[in-house]
1. If Arg391 satisfies every condition in (1) touching a strand residue (DSSP E or B) at 6+ places or on another chain (Cβ under 9 Å); (2) over 30 Å from Val279 (Cβ atoms); (3) open to solvent by 10 Å² or more (accessible area, probe 1.4 Å) but one, which is the exception?
2. Answer yes or no: is there a residue in the stretch 91-99 that is crowded, with 22+ Cβ neighbours inside 10 Å and under 25 Å from Val385 (Cα atoms).
3. Taking the criterion of being in contact (Cβ under 8 Å) with a residue 12 or more places away in the chain, touching a Leu at 6+ places or on another chain (Cβ under 6 Å) and either open to solvent by less than 20 Å² (accessible area, probe 1.4 Å) or over 29 Å from Ala121 (Cα atoms) (or both), would at least one residue in the stretch 185-206 satisfy it?
4. Kindly establish whether Gln311 is in a loop (DSSP other than H, G, I, E, B) and at negative phi.
5. Hey, among Asp324, Asp290, which residue is at pLDDT below 95 and either part of a helix (DSSP H, G or I) or surrounded by fewer than 17 Cβ atoms within 10 Å (Cβ to Cβ) (or both)?
6. Which residues, counting only those in the stretch 331-365, are of a type in the set (D, E, K, R) and buried (at least 24 other Cβ atoms within 10 Å of the Cβ)?
7. Quick one: what pairs do we get from the stretch 367-392, first residue closer than 17 Å to Asp210 by Cβ, second open to solvent by 40 Å² or more (accessible area, probe 1.4 Å), C-beta under 7 Å, 6+ apart or different chains?
Amino acid sequence: MKTLSFSLIACCLSLLTAKAQDRNLSKDYKKIHEELLLIDGHNDVIIESILPGLDIGKRIKSGHTDLPRLKEGGVDVQVFAVWSDDKKWKKNAFKHANDQLDALEKLLQNNPDKIELAKSAADIERIHQAGKIVALIGIEGGNMIEENIENLDKLYDRGARYLTLTWNYNLPWATAAAEEVKTKGDKGKGLNENGRAIIKRMNELGMMVDLSHAGKKTFYDVMEISSKPVLVSHSNAAALTPHYRNLDDQQLTALQKNGGVIGVNFYSEFLDSGYKSRVEKVFTKNHQVDPAKKLSLDKMYAQLTKKQRQQVDAPMEMVLKHIDYLVSKVGIDHVAIGSDFDGINSAPIGLEDVSKFPNLTKALLERGYKKADIAKIMGLNFLRVLKENERK
């Protein structure tokens, strides 16, 4: 009986000690966050702020991103997405991509002591050690190479280290998730021969293949062809939020087998199935609705007040649930961060812009994640895939 009592006491003391350690970790989260290499795999600030002429070298009042807020958020490596709407840029999309790269280069030239472009993992280490923000480039949408592998090479030479094969529209050589879900069967879906050649060339260059936005047939065609680990830069788990932009369990299994990573997206609609109905409910309650005009979800959200938006935005808990689920399905070595800041309107409560990243570290610590595992999610997994894609 006494032995049992002592065992119970020892167990209780152990639990109390563990809880105390957890509290200390949570208190020290800012220090722990500073020690992490944080790589955000997807941000649309070029098209949102830089190309329109805003100086994000200084704090700006709009958007999710500027250099002061990146520094506050402990973002060590920011992937700047180069994006163009397929419908708007049916012609001259390659030029539009280069115009965006020119705008980014101007930012770098005007802030040489704060930020520098990296073209390799070695560059990342050197720039990070110099205390500067590291800029990486991702091309979001294969329309910008205009079906020309030479254009792919040129974008790589300018620093592009991944290509998101499609955006929301089909290309002649690859089909998009938003379009694939509209028709049954595989006829006309996936990669054609030119698409396969593009994937092989990306592998040769050391350019990561990004399968966010890609249709399932395109996804599996790439898995058959690619000799390198792939990236899914900004998507979530379809099992939690059934949306064509998220990956189902079968895709996650294929991703794990391939050795790739999936970056968790912060958009409320991709995180939380209840988001759409909340927006509609709050909008209908507070605004006059014209039956003749069917507003999109984004347009309804845009008309909400700041207070109303806080009522509909996804809670940070949903980000954590997606991380938990993805880790359980693919393992800790295959989950990363791809916020999609400045490409989304509704971000989670507590992760309103790039300055709020320390809140995610704090939440993961409180959830019981070890520092080493948080380091993998926040940057090391992305870095591994980048290294494994680099030319030997």
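The values are calculated or read from the model by the stated rules, or taken from the named source; none is laboratory data. Predicted, not measured: the structure shown is a model, and the values here were computed from it. Cβ: placed from backbone, ideal geometry, glycine included. Neighbour counts: every protein chain shown. In case anyone asks, the SASA skips ligands and DNA or RNA and just uses the protein heavy atoms, side chains included. Shrake-Rupley method; radii C 1.70, N 1.55, O 1.52, S 1.80 Å.
1. (1)
2. yes
3. No, every residue in the stretch 185-206 fails to be in contact (Cβ under 8 Å) with a residue 12 or more places away in the chain, touching a Leu at 6+ places or on another chain (Cβ under 6 Å) and either open to solvent by less than 20 Å² (accessible area, probe 1.4 Å) or over 29 Å from Ala121 (Cα atoms) (or both).
4. Working: in a loop (DSSP other than H, G, I, E, B): no; at negative phi: yes.
Criteria not met by Gln311.
5. After ruling out the rest, the residue left standing is Asp290.
6. Step one: of the stretch 331-365, the residues of a type in the set (D, E, K, R) are 333, 340, 342, 352-353, 356, 362.
Passing the criteria: Asp340, Asp342.
7. These pairs meet every condition: Asn381/Asp333.
Rundown of residues vs (1) touching a strand residue (DSSP E or B) at 6+ places or on another chain (Cβ under 9 Å); (2) of a type in the set (A, V, I, L, M, F, W, C); (3) within 30 Å of Tyr169 (Cα to Cα), yes/no style:
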| position | (1), (2), (3) |
| --- | --- |
| Ile32 | no, yes, no |
| Gly57 | yes, no, no |
| Ser62 | no, no, yes |
| Pro112 | no, no, no |
| Leu117 | yes, yes, yes |
